[in-house]
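Visitor: Would you mind keeping the following structure in view while I ask a few things?
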Amino acid sequence: MITERSMAVLRAIIEDFIATSEPVGSKSLVERYNFGVSSATIRNDMSQLEEEGYIAAPHTSSGRIPTDKGYRAFVDQLTQVEEVATDVRKNLNDLKKLFSKTLDQLTDLDEKLQTSAQLLAKATGEAAVVQYPNLQVVLISSIELIKVAENKILLLLITDAQRIQQHVVLLKDAVSDDDLNLIKMKLNEECAGKPIEVLTEKLPKLASLFSAKLKPVVDLLLSNLRLLTDANKQDKVAFAGTSNLVRNESEFAGGLESLLKTFDDQSETWQVLNSWHLESAQPRAIIGSENTVIELSTSSLLLSSYSNQGTEVAKVALVGPTRMNYSKNLAAVLALANLLSNEIED
């Protein structure tokens with residue numbers, strides 16, 4: 001088990017390496033930090049850390065750099081106490097203010113999530129991914145039918161996660177306001193409050209609720225409602241910060257191209273994020289070789305979840321090299337996830 005002093009030495013090595021990208025030697029540690037012990041003792045601590053796999057010597061350098069195991073021990077210390085440790089928490093309030101200043105002005109979910117990813121990437125210097133709410137836990141708030149012309153209806157499918165799908169439906173003949181309100185009322189009686197994924201099963205049965213006179217209009221509206229339902233079924237993510245990854249290409253040991261290809265496929269990205277379980281609102285870091293997807297094996301993936309009424313609906317994530325500012329970045333994903341939870345529940 002790593003001792004308290006060895007942990008302090010490891011922490012100093014990691015912080016210096018993150019700041020400089022240069023291997024860290026015992027001499028610079030003694031000069032920069034007051035450990036209260038001799039330089040020989042620090043060298044012995046470093047030898048022990050290397051023997052146990054927490055640090056390694058790159059090439060013939062006399063300095064040492066952290067390994068995935070070393071980063072794991074460091075990150076665990078950041079997050080192992082109640083919710084998040086001081087190093088993470090001290091960044092939280094400033095980041096919340098930064099994000100909320102912009103997000104509070106937005107109402108459209110697409111715009112909000114795309115902007116969220118951009119803000120997160122800009123604040124951290126990494127690549128940001130924000131999932132759209134998970135279909136399996138999204139409920140239908142309402143189905144709205146708005147007449148924009150005598151034979152033209154605006155169909156809206158609204159979910160409790162603020163996702164609004166809309167489509168303009170052209171009718172062969174005009175429909176009265178009373179008939180349109182009747183259709184709307186019956187659709188909401190059957191669908192409001194139900195999971196959106198079960199709507200597909202209910203659609204074929206809904207037409208039988210209406211008279212033969214209304215059947216042509218209802219059939220057309222239901223076929224368009226199916227299109228909106230299918231659009232909600234897509235595993236969608238907002239992604240930003242590709243330029244940040246390219247800027248740090250040398251950090252990925254030649255794996256950047258395959259990493260970017262992974263994020264080109266939104267459904268694959270969705271599956272990667274969902275392969276990791278999160279405990280409540282506590283952020284999680286998956287470091288280097290801990291990633292089960294080989295394209296991420298030279299990266300760190302930082303995750304937090306956002307929720308609707310206490311149920312997780314999606315995740316917020318950062319992707320970058322293993323040499324990253326974990327304290328600030330863990331706080332950033334947690335801050336954004338908390339804000340998105342509040343936005344959806346409001």
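What follows draws every value from the coordinates through simple rules; no lab data is involved. In this text the structure is predicted, and so the values were computed from the model without any measurement. Glycine also receives a Cβ, built like all others from the backbone with ideal geometry; neighbour counts cover every protein chain displayed.
Visitor: Exposure proxy check: Leu260, Leu199 ranked by fewest other beta carbons within 10 Å?
Guide: In order of increasing Cβ crowding within 10 Å: Leu260, Leu199.
Visitor: Quote the FRET efficiency, to the nearest 0.05, computed for Glu50 versus Leu98 with a Förster distance R0 of 51 Å and r equal to the Cβ-Cβ distance.
Guide: According to the calculation, E is roughly 0.85.
Visitor: Run lengths n ≥ 4 of DSSP H only: what is the helix-derived mean residue ellipticity at 222 nm for the chain, with -39500 (n - 2.57) per run over all residues, to the nearest 500?
Guide: One gets -15500 deg cm²/dmol as the mean residue ellipticity at 222 nm.
Visitor: With +1 assigned to the C-beta of every Lys and Arg and -1 to the C-beta of every Asp and Glu, and no other charges, what is the dipole magnitude of the range 4-66 about the Cα centre in debye, to the nearest 20?
Guide: Magnitude of the dipole: close to 140 debye.
Visitor: Taking only Cα atoms and a 10 Å spring cutoff, compute GNM fluctuations for the chain and point out the largest among Leu182, Leu95, Leu103.
Guide: For the chain, modelled as a Gaussian network with Cα springs under 10 Å, the answer is Leu182.
Visitor: Rounded to the nearest Å, what's the spacing between the alpha carbon centres of the range 236-301 and the range 193-207? Just the number, please.
Guide: Distance between centres, Cα-based: 35 Å.
Visitor: Something else now. Quick one: dipole size for the chain, taken about the Cα centre, charges +1 on Lys/Arg Cβ and -1 on Asp/Glu Cβ, in debye to the nearest 20.
Guide: Here the size comes out at about 260 debye.
Visitor: Moving to a separate point now. Classify the range 157-233: rounded, prolate or oblate, from the alpha-carbon gyration tensor (a ≥ b ≥ c, eigenvalue square roots; a/c under 1.5 rounded; otherwise prolate if a/b is larger than b/c)?
Guide: prolate
Visitor: Could you point to the residue in Ser39, Val169, Gly70 farthest towards the positive end of the chain's charge dipole, with +1 and -1 charges on the Cβ of Lys/Arg and Asp/Glu respectively?
Guide: Farthest along the dipole direction, towards plus: Val169.
Visitor: Calculate the all-directions average of the projected area of the range 288-341's alpha-carbon convex hull, and give it in nm².
Guide: Its Cα hull, projected and averaged over all orientations, spans 4.0 nm².
Visitor: If I model the range 4-66 as equal point scatterers sitting on the Cα atoms and use the Debye formula, what is log10 I(q)/I(0) at q = 0.19, 0.21, 0.25 Å⁻¹?
Guide: -0.60, -0.75, -1.10
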